[in-house]
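The values are calculated or read from the model by the stated rules, or taken from the named source; none is laboratory data. Keep in mind the model is a prediction, meaning the values are calculated, not measured. Cβ coordinates were reconstructed from backbone atoms using ideal geometry, including for glycine residues, and neighbour counts include every protein chain displayed.
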Amino acid sequence: MTFKPANSIQDLQYFGEFGGVNPSISDSSTYTFLSAKTMFDTFEGNADGCYLYSRHSSPSNLYLGEALAAMEGTETANVSASGMGAITPVLMQLCGAGDHIVSSRTIYGGTYAFLKNFTPRFNIETSFVDITKLDVVEASITKNTKVLFCESVSNPLLEVADIKSLAEIAKRHNLKLVVDNTFSPLSISPAKLGADVVIHSLTKFINGSSDAVGGVVCGTQEFINDLRDVNSGASMLLGSTMDSLRSASVLKNLRTLHIRMLQHSLNANYLAKQFEKDGLKTVYPGLASHPSHKLFKTMMNKKYGFGGMLTIDVGSLDKANELMEMMQEKNLGYLAVSLGFYKTLFSAPGSSTSSEIPEEEQEEMGLSDGLIRFSIGLDADIERTYQMMRGCMETLNVLDKKQEAELA
Ligand SMILES: Cc1ncc(COP(=O)(O)O)c(C=O)c1O
């Protein structure tokens, strides 16, 4: 049966304390117990439905977590104060000293820095591989490997991971497949394709208004219980807890995610096709020229499209900077990192979100200086946006007016 994640969100029914249509916000850090025995049982993890202390769990965080678990089709979920606050405890929970991780080499710069510079301090080593080469992935697995890590659609190069095949490899070697699905909410449901753990930075599309930072880990009840364990849970002990007021506001934004993703995808698809036609080196999973276009199609929940992210290469960092400054001046979007906003956001990843990755490694993975990453906005008139963007490109000779006319 086809999985329909937006239906799962629509079907959630939460009542507020006084019959409100929104769940009440739990504005408390600590909770009372009618008996000392129940408090003891709760600490032991044996009192379902009782709250203890809001770093462990709170009603508001559970509401949001359950909504996100419904969206990803997992048993449950745990929300956190940021995407990194979801990624780092998962990896620390699954790995200890002497363990090894196989990770995609094209991942968010912060995750890369954590694996490259931070976890080695705990004697956890990572091999970074081309995740699209399944034989290379499998060959990198050692007897110490515990985790296979990737992003469904990678930041910033938009490489697409073959989650079904990676899940088979993970199963064969008794590893956990952990997938960061930040770039493709609703379009791709990694758990349905075999991933063990699905992570999001809620900061991006899911919240969608660039006013909050948040994260989530979606997985089995057993794994989420492990993360929250008062004695040994990495989420509980590292303490990256989301605030209840914030989780209530993210939950409200989640309800319109399907409409927003449709528009982001529609707009990005339109621009990618036009840019490619204009002769720009364009990467977008919806283009037939994308090496994983067919693979994306086999994995996607139809309807939500190929997402709101695209990249173009304008040849040099100077040109990229000039173009981004001009586009901001013309109010076509903001020169800013992050994604999923109603306005288009653009940045040059080589010198920003991926600057943690050393230059020679950037070059090896195809992350060129002139690459601009776009998170395409919800523009109501994308043709107008395109014409204005094209105008900027012509002014700066990124697109040659005359040559274009000759080609036409
Ligand atoms: C794919 C991906 N994962 C994780 C993160 C980290 O999320 P946060 O900034 O919410 O900690 C980001 C942030 O840019 C990201 O793009």
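Tabulated data for the structure shown
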{"read-out": "Extreme residue, surrounded by the most Cβ atoms within 10 Å (Cβ to Cβ), among residues of segment 105-119 that are within 11 Å of the ligand (Cβ to nearest atom) and of a type outside the set (Gly, Ala, Ser)", "value": "Thr106"}
{"read-out": "1 or more residues within 16 Å of the ligand (Cβ to nearest atom) and under 20 Å from Tyr53 (Cα atoms): qualifying helices (runs of 4 or more DSSP H) within segment 177-283", "value": "234-238, 244-254"}
{"read-out": "Subset of segment 329-344 (residues that are away from the ligand (no atom under 11 Å from the Cβ) and not polar (S, T, N, Q))", "value": "Glu329, Lys330, Leu332, Gly333, Tyr334, Leu335, Ala336, Phe341, Tyr342, Lys343"}
{"read-out": "Filter result for Thr76 (at negative phi, surrounded by fewer than 22 Cβ atoms within 10 Å (Cβ to Cβ), under 25 Å from the mean Cα position of the chain (by Cα) and modelled with pLDDT of 95 or more)", "value": "yes"}
{"read-out": "Condition met for Ile101 (out of contact with any helix residue (DSSP H, G or I) (no Cβ under 6 Å at 6 or more places or on another chain), assigned to a strand (DSSP E or B) and β-branched (Val, Ile, Thr))", "value": "yes"}
{"read-out": "Residue in segment 43-55 that is outside any loop (DSSP other than H, G, I, E, B) and surrounded by 18 or more Cβ atoms within 10 Å (Cβ to Cβ) present", "value": "no"}
{"read-out": "Where a residue in segment 79-94 is more than 12 Å from the ligand (Cβ to nearest atom) and polar (S, T, N, Q) and its partner, wherever it lies, is in a loop (DSSP other than H, G, I, E, B) and at pLDDT 95 or above, with Cβ under 8 Å and at least six apart", "value": "Gln93/Gly233"}
{"read-out": "Test result for Leu399, surrounded by 15 or more Cβ atoms within 10 Å (Cβ to Cβ), touching a Gly at 6+ places or on another chain (Cβ under 8 Å) and outside any strand (DSSP E or B)", "value": "yes"}
{"read-out": "Of all residues making up segment 4-42, the number that are aliphatic (A, V, I, L, M) and surrounded by 15 or more Cβ atoms within 10 Å (Cβ to Cβ)", "value": "5"}
{"read-out": "Yes/no for Leu166 being assigned to a helix (DSSP H, G or I) and farther than 16 Å from Ser375 by Cβ", "value": "yes"}
{"read-out": "Selected residue (criterion: modelled with the highest pLDDT) from residues of segment 304-328 that are assigned to a loop (DSSP other than H, G, I, E, B) and more than 15 Å from the ligand (Cβ to nearest atom)", "value": "Phe306"}
{"read-out": "Hey, Ser240 closer than 30 Å to Thr42 by Cα, free of Cβ contacts under 8 Å to residues at least 24 places away in the same chain and not β-branched (Val, Ile, Thr) or not", "value": "no"}
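Okay, residues lined up against (1) under 30 Å from the mean Cα position of the chain (by Cα); (2) closer than 28 Å to Glu72 by Cα; (3) at pLDDT 90 or above:
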{"residue": "Phe3", "(1), (2), (3)": "yes, yes, yes"}
{"residue": "Gln10", "(1), (2), (3)": "yes, yes, yes"}
{"residue": "Gly20", "(1), (2), (3)": "no, yes, yes"}
{"residue": "Pro23", "(1), (2), (3)": "yes, yes, yes"}
{"residue": "Ser26", "(1), (2), (3)": "yes, yes, yes"}
{"residue": "Tyr31", "(1), (2), (3)": "no, no, yes"}
{"residue": "Thr38", "(1), (2), (3)": "no, no, no"}
{"residue": "Phe43", "(1), (2), (3)": "no, no, no"}
{"residue": "Asn46", "(1), (2), (3)": "no, yes, no"}
